[in-house]
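Remarks on the structure that follows.
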Amino acid sequence: WGRLLPKPWSPWTARTLWTSRSTACAAQMREDLKVLDPRAFIIVEVKRDEPGVLSSILKSFSDADVNITHIESRFKSFARDGPSFHIDIQGCPSDIFVQQVMKDVKVLPGVHGVSVMPEREVPWFPMNIRDLDLTCDTLDGGTALINEDHPGFTDMEYRKRREAIVAAAKSFRHGDRLPRVQYLPSETATWQAVYERLNACHEKWACKEYKEMMPQMEKYCGYAPNNIPQLEDISEFLQQRTGFTLRPISGLLSARDFLNALAFRVFYSTQYIRHHDNPFYTPEPDVCHELLGHVPLFANPAFADFSQEIGLASLAASDDDVARLASVYWFTVEFGLLREGNEAKAYGAGLLSSFGEMEWSCAAEPSQECREMGSMSSQLRPEILPLDPVRAAKQEYPITTYQPVLFCADGLQDAKHKISQFCDTLTRPFFPQYDPLTQNIRVTKAVRRAPRVSTVELQKQKQQAYFEQSEGM
């Protein structure tokens, strides 16, 4: 079945509006976080580039028991041949111990000057897991995807049902109990049709990690042909396995907001299901795609780790780097393959949730029916390349057909290693760390977040430009 998703980024979805009281509380919390774990930015300029000058500077910080979180050197002055050391430390510029260590460094031989610099401004990013409640702007609003091409467009009962499920997702806040949906018999029948058909495909084409995890999902999360699992049960299981949790969503998120959530080991999941008239087709992500495609592998530590790695790299990243990360996500988490012996097996959710995509990507000779279904009649099988995130970040991809090019890793650990290396090549404003105990992001530099603006309008403009360009070709 096809997936007609807005270019450029896959089934990424979101949530809802933020109340004024919650906004005030969140703002106060963010200020408290800066007070609890502050950073100061200091520039130390030296007169000459000579051995020992840096070690004497570092010794002064060490003797004062001041922790350096980031340091780099730069040459900029023609008046001196010595570098400037840009140093970030734990503490506030007004702290007595910071003022004292600056005085100590300033009188060191070879030091020209010491200055406290203002915080660098970076794009807004969530600092605490509660900040995810602010990522409320969606590309669609929750039900706008039901257009004339949608199988449920003329079914008023289906639309009303979907609006009720979306409303529950919109009212969700961090700390709330995940909403439980009482699925209708027709919805369960749709799930069963998809579940049973995909199960046969998974036996042949899913990666071993996925097949190892599905019995656990059935045992602990309620996965069964005649039962649609609840997000609450799955989220509790994942949290115990890898620390990942689920959040309900109301529509498509921008790439930045979706990836930012992964930094907190949070995955946004829909709860509504495709229309019952055609259980093997959906024009958007639904509960079948999320729970049968994405969720099982979030219980695998290596998969969870590199998913979070992509999320951490997206925090305060440039728009261009977010686009690169989104493409890497597309060719791994959505449409990734793993090498098992001489065969390619699926681990990407876009493959695992589609019997046609799985056959196309994994079968030695995809059938003519399969190729026609995916608009690939002129291509016998996909071009499968070794996973190279640098190339994947630049690789174009269609959204209304099967993928002509796919990337295959040697295993989940191999994918994790290569993605980690790729993230290290990006020009990052700081290197974030996630503290799972406080659910805060710790940064290495003294930074100031720019005011939050909606990333949805920018993405809509990019999508419109893409479609206009495609029509002109």
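The values are calculated or read from the model by the stated rules, or taken from the named source; none is laboratory data. What you see is a predicted model; the values in this text were computed from it and never measured. Counting neighbours? That spans all protein chains shown, and the Cβs are built from the backbone with ideal geometry, glycine included. Areas reflect the complete protein model, heavy atoms only, side chains present, ligands, DNA and RNA absent. Shrake-Rupley method; radii C 1.70, N 1.55, O 1.52, S 1.80 Å.
Observations on the model:
- Taking the stretch 97-128 as the range and being open to solvent by 50 Å² or more (accessible area, probe 1.4 Å) and in a helix (DSSP H, G or I) as the test, the residues that pass are F97, Q99, Q100, K103, D104, K106.
- Residues in the stretch 206-238 that are open to solvent by 40 Å² or more (accessible area, probe 1.4 Å) and touching a helix residue (DSSP H, G or I) at 6+ places or on another chain (Cβ under 8 Å): 7 in all.
- Enumeration of residues in the stretch 380-394 that are surrounded by fewer than 17 Cβ atoms within 10 Å (Cβ to Cβ), of a type outside the set (K, R) and assigned to a loop (DSSP other than H, G, I, E, B): L380, D388
- Restricting L325, L262, L252, L315 to those that are under 26 Å from I228 (Cα atoms), at pLDDT 95 or above and among the hydrophobic types (A, V, I, L, M, F, W, C) reduces the list to L262.
- Subset tally (residues that are of a type outside the set (D, E) and open to solvent by 40 Å² or more (accessible area, probe 1.4 Å)) for the stretch 337-379: 11
- Boolean, S307 is polar (S, T, N, Q) and over 12 Å from the mean Cα position of the chain (by Cα): no
- Answer from R247, R274, R256 - the residue that is closer than 20 Å to K160 by Cβ and buried (at least 23 other Cβ atoms within 10 Å of the Cβ): R274
- Those residues of the stretch 64-85 which are open to solvent by 20 Å² or more (accessible area, probe 1.4 Å) and in contact with a Lys or Arg (Cβ under 8 Å, 6 or more places away or on another chain), in sequence order: T69, H70, R80, D81
- Residues within the stretch 162-186 that are touching a Lys or Arg at 6+ places or on another chain (Cβ under 8 Å) and assigned to a helix (DSSP H, G or I), tallied: 2
- Residues that are aliphatic (A, V, I, L, M) and open to solvent by less than 40 Å² (accessible area, probe 1.4 Å) within the stretch 37-63 comprise A40, I42, I43, V44, V46, V53, I57, listed in sequence order.
- Residue in the stretch 415-427 that is touching a Ser or Thr at 6+ places or on another chain (Cβ under 8 Å) and at pLDDT below 95 present: yes
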